[in-house]
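Asks: Got a structure for you, questions after.
The values are calculated or read from the model by the stated rules, or taken from the named source; none is laboratory data. Every value quoted in this text rests on a predicted model; they were computed, and no experiment measured them. So basically every Cβ, Gly included, is an ideal-geometry build from the backbone, and we count neighbours across all protein chains shown. For the accessible areas, the whole protein counts, side chains as well, though only heavy atoms, and no ligand, DNA or RNA atoms are used. Shrake-Rupley method; radii C 1.70, N 1.55, O 1.52, S 1.80 Å.
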Amino acid sequence: MTSRNVLLIFKSSIMYKPRIYRLSKDYDLVFNILEAKILPRREGRILLELQGEEDQIERGLQFLEEGGVVIEYLADKILREEDRCVHCGECTGLCPTAALSVVRPRMEVVFDVNKCVACGMCGLACPYGAMTDIKLFDPFAEGRTAGTNP
Amino acid sequence: MSEFRVNKTVAEINAKIKQGNAVVVTAEEMIGIVRESGAVKAAQKVDVVTTGTFGIMCSSGAFLNFGHTKPRMRASKVFINRVEAYAGIAAVDCYIGATQPRDDDPLNKVFPGRFRYGGGHVIEDLVAGKQVHLETTSYGTDCYPLRSYEAMVTLKDLPNAILLNPRNCYQNYNCAVNLSKKTIYTYMGILRPECANANYSTSGQLSPLLNDPFYRTIGIGTRIFLGGGIGYVIGPGTQHNPRVPRSENGVVMGGAGTLAVMGDLKGMSSSFLRGASMTGYGCSLSVGVGVPIPILDEEMARFTGVSDDQIQVPVVDYGFDYPEAKGGPLGYVTYGQLKTGEIEFDGRAVSTAPMSSYSKALEIAETLKSWIQSGQFLLGEAQETLPSVPFAGFPAKG
Ligand code: SF4
Ligand code: SF4
């Protein structure tokens, strides 16, 4: 079992076709919706955490792509520039998933991209521009919860 | 005559450093030594304790002299990479302040502003050896006719570049929380509403002034690690205030002493001088400072043996109290508690995050230790110590 966070972008042409449920039905994947935003008649964005066998994840994603869904891997979108990071730890208090965390006793900060949900908080908080500054979803949007599960 | 059992002078310690047999440890290592062998034995054994801190220190900047132009010019406005430097000094001198934003920075017009580049970044770029764009204008005089000048320069091209920070190294600081109902963007970082997170600063047990709480050994002329090079304490920093509540061990329970420091920028490194951008607040400079503390007697051994659980930090509300300059601390926590990543406040767990880098602070203390061990870095004896208050002595037991 592995887990991977992906961003699915549904263009308006395919937005209303049922698709995601097949991930669990046909590919035996467990998914968590981390964030979702639908702009009616334009585009839909869903941040999914997928759990399952490596090859099943691959096949499930391939199925979505064939259906016209654009897939982006969060691991490709968020990056820490190692030589910019001073290991202050400021980002760790705001990261909702502990993707950024402190290792004691030296208090160094590690980044586990597999836990990252691309919320953009670290980009906003890091004084040294070490974290990629992206925002897929508004981190302070109404109703946003700090947890990882929907 | 002395009240102490161990008595050493800075000159004696320097003689040992020159011979290569001074015993130097970091403030972190000293904790265990004092705990195991007691203050007297620790003072007999250890000659110097090294400290360190790395964090955003706003009251910082650099004096730059960019050399006389041909024809001559008396610059009245100076911009470096579009960041204004204060030019009201002399013909080709200026002071670039860490918190000066770029001339065209949108500031907080679209809130929260990002303040991506400012004086601190100029200093970092210079130290990193990068070219910066210098632009000056003048009204012209008989002896200084040139009215404008532009050039790309590097640190090497500048005849003088001196880091001179009026206030660094706060002895202790607040732990910031936000009791209001909206997210706030402060110099203590982003604080979520209703006390969702708490941010703290300083390197605690490694912090220079927390290891010499009454400034017995630190003063004008103390030689220090500054921004990766060598610098000096040149006096008490602005807002230096020894008269704050202290716990039994003499350690201040909040911001208190500060240091004014200076050093040649040309010997420094961008690993320890970093431009910083604080969303919604402004830009600044992160500075690495390390101060060596001579262990003159058992009292100094005991002071430098201070650990994170013995240092109290006031919890302050930045949602209302701090901006309104009202109210006192909501309570106290220790660095020991803060460093676990969670404190208890009002009966619930609040996640904590540091603002200053403990791992860099440790790197600084370790670097300073190796400099002293190698014999190349001698202690600078303070010509005058900083304003202080009397210490009644440690409580009888322990
Ligand atoms: S806030 Fe930036 S510099 Fe500090 S630990 Fe996080 S990524 Fe590193
Ligand atoms: S983008 Fe969000 S989840 Fe990812 S590391 Fe940054 S704060 Fe954590």
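Asks: Based solely on its DSSP helices, what 222 nm [θ] is calculated for chain B when runs of n ≥ 4 H residues each add -39,500 (n - 2.57) and the sum is averaged over all residues, nearest 500 deg cm²/dmol?
Replies: Working: 7 runs with 69 residues, N = 398.
Rounded to the nearest 500, it is -5000 deg cm²/dmol.
Asks: Can you grab the distance from the C-alpha centre of the range B:127-178 to the C-alpha centre of the range B:262-282, Å, no decimals?
Replies: Centre-to-centre (Cα) distance: 12 Å.
Asks: With a 1.4 Å probe and all protein chains left in place, how much accessible area per residue does the range B:297-336 have, in Å²?
Replies: Here the residues of the range B:297-336 average 38 Å² of exposed surface.
Asks: Could you state, as a whole-number percent, how many of the C-alpha pairs of the range B:1-69 are farther apart than 20 Å?
Replies: Roughly 53 percent, once rounded to a whole number.
Asks: Further, regarding this structure: Show me the ranking of peptides B:207-214, B:232-239, B:275-282 by mean Cβ neighbours inside 10 Å, starting with the highest.
Replies: Per-residue mean Cβ counts within 10 Å order the peptides as B:207-214, B:275-282, B:232-239.
Asks: Report, to the nearest whole %, how much of the accessible area of the range B:168-210 belongs to carbon and sulfur atoms, 1.4 Å probe, protein only.
Replies: Details: 560 of 1050 Å².
Heavy-atom surface of the range B:168-210 belonging to carbon and sulfur, 1.4 Å probe: 53 percent.
Asks: Hey, another quick one. Share of antiparallel DSSP beta bridges in the protein assembly as shown, in percent to the nearest 5?
Replies: 90
Asks: Now, a different point. Under 8 Å for C-alpha pairs, at least 6 residues apart: give me the relative contact order for chain A, rounded to a whole percent.
Replies: Relative contact order for chain A comes out at 24 percent.
Asks: Determine which aspartates and glutamates satisfy two conditions relative to B:Lys156: a Cα distance under 13 Å, and not lying fewer than 8 residues away in the same chain.
Replies: B:Asp125, B:Asp264
Asks: Mind giving me the nanometre distance, one decimal, between the label points for B:Ala325 and A:Asp83, set 7 Å out from Cα along Cα→Cβ?
Replies: According to this spin-label approximation, the distance is 4.4 nm.
Asks: Looking at this model, which pairs from B:Lys77/B:Lys266; B:Lys266/B:Lys360; B:Lys16/B:Lys369; B:Lys16/B:Lys339 are more than 26 angstrom apart at the alpha-carbon?
Replies: Pairs exceeding 26 Å: B:Lys16/B:Lys339.
Asks: Something else: If I fit a long axis through the Cα atoms of helix B:10-19 and take the longest principal axis of the Cα atoms of chain B, what angle between them do I get, 0 to 90°, rounded to 10?
Replies: Rounded to the nearest ten degrees, it is 80.
Asks: Where nothing but the Cβ of Lys and Arg (+1) and of Asp and Glu (-1) is charged, how large is the charge dipole of chain B around its Cα centre, in debye to the nearest 20?
Replies: The dipole magnitude comes to about 520 debye.
Asks: Using only protein heavy atoms and a 1.4 Å probe, how much accessible area in total is buried between A and B, to the nearest 100 Å²?
Replies: The buried area between A and B, both sides summed, comes to about 2300 Å².
Asks: At 7 Å along Cα-to-Cβ for each site, give me the label-to-label distance between B:Met253 and B:Phe391 in nm.
Replies: Roughly 1.8 nm, to one decimal.
Asks: So, in nm, how far is label B:Ala128 from label A:Gln62 when the simple model puts each one 7 Å beyond its Cα toward the Cβ?
Replies: Spacing of the two 7 Å Cα→Cβ label points: 4.3 nm.
Asks: Residue by residue through the range B:382-390, what is 3J(HN,Hα) from phi via Karplus (6.51 cos²θ - 1.76 cosθ + 1.60, θ = phi - 60°)? Round to whole Hz and write x for glycine and proline.
Replies: After applying 6.51 cos²θ - 1.76 cosθ + 1.60, I find 5, 7, 7, 8, 7, x, 9, 10, x Hz.
Asks: Towards the positive end of the charge dipole of the range B:79-163, with charges on Cβ (+1 Lys, Arg; -1 Asp, Glu), say which of B:Thr99, B:Pro145, B:Ile80 has the farthest Cα.
Replies: Positive-end residue among those listed: B:Thr99.
Asks: Taking the Cα centre of each part, how many Å lie between the range B:1-54 and the range B:308-378?
Replies: 24
Asks: Before rounding to the nearest 500, sum -39500 (n - 2.57) across all DSSP H runs of length at least 4 in chain A and divide by the residue total; then give [θ] at 222 nm in deg cm²/dmol.
Replies: When only DSSP H runs of four or more count, the value is -5000 deg cm²/dmol.
Asks: Calculate the dipole size of the range A:1-133 relative to its Cα centre from +1 charges on Lys and Arg beta carbons and -1 charges on Asp and Glu beta carbons; express the result in debye to the nearest 20. Let's see the in-between values first.
Replies: Working: 17 positive and 20 negative charges, 126 e Å.
The dipole of the range A:1-133 has a size of about 600 debye.
Asks: Also, I was wondering about something else. Quick one: 3J(HN,Hα) in Hz for the range B:203-220, Karplus 6.51/-1.76/1.60 with θ = phi - 60°, rounded, Gly and Pro as x.
Replies: 8, x, 4, 9, 5, x, 6, 6, 9, 9, x, 9, 6, 6, 10, 9, x, 4
Asks: While we're here: Take the Cα coordinates of chain B, assign each an equal point scatterer, and use the Debye formula without solvent to give log10 I(q)/I(0) at q = 0.08, 0.09, 0.10 Å⁻¹.
Replies: Log-scaled intensity ratios, in q order: -0.46, -0.57, -0.70.
Asks: For the protein assembly as shown, place one equal point scatterer on every Cα, skip the solvent, and apply the Debye formula. What is log10 of I(q)/I(0) at q = 0.05, 0.08, 0.13 Å⁻¹?
Replies: -0.25, -0.61, -1.24
Asks: A follow-up question, please. Suppose R0 equals 51 Å. What FRET efficiency, 1/(1 + (r/R0)^6) with r the Cβ-Cβ distance, do B:Asn7 and B:Asn160 give to the nearest 0.05?
Replies: 0.80
Asks: Moving on to the next point. Using unit Cβ charges (K, R positive; D, E negative) and no other charged atoms, how large, in debye to the nearest 20, is the dipole of the protein assembly as shown about its Cα centre?
Replies: Here the size comes out at about 740 debye.
Asks: Straight-line reach from A:Lys25: which lysines fall under 21 Å, measuring Cα to Cα and dropping same-chain residues less than 8 apart?
Replies: A:Lys17
Asks: While we're here: Relative to the isolated chain, which residues of the range B:242-279 have their accessible area cut by 30 Å² or more in the presence of all protein chains (1.4 Å probe, heavy atoms, no ligands or nucleic acids)?
Replies: B:Arg274, B:Ser277
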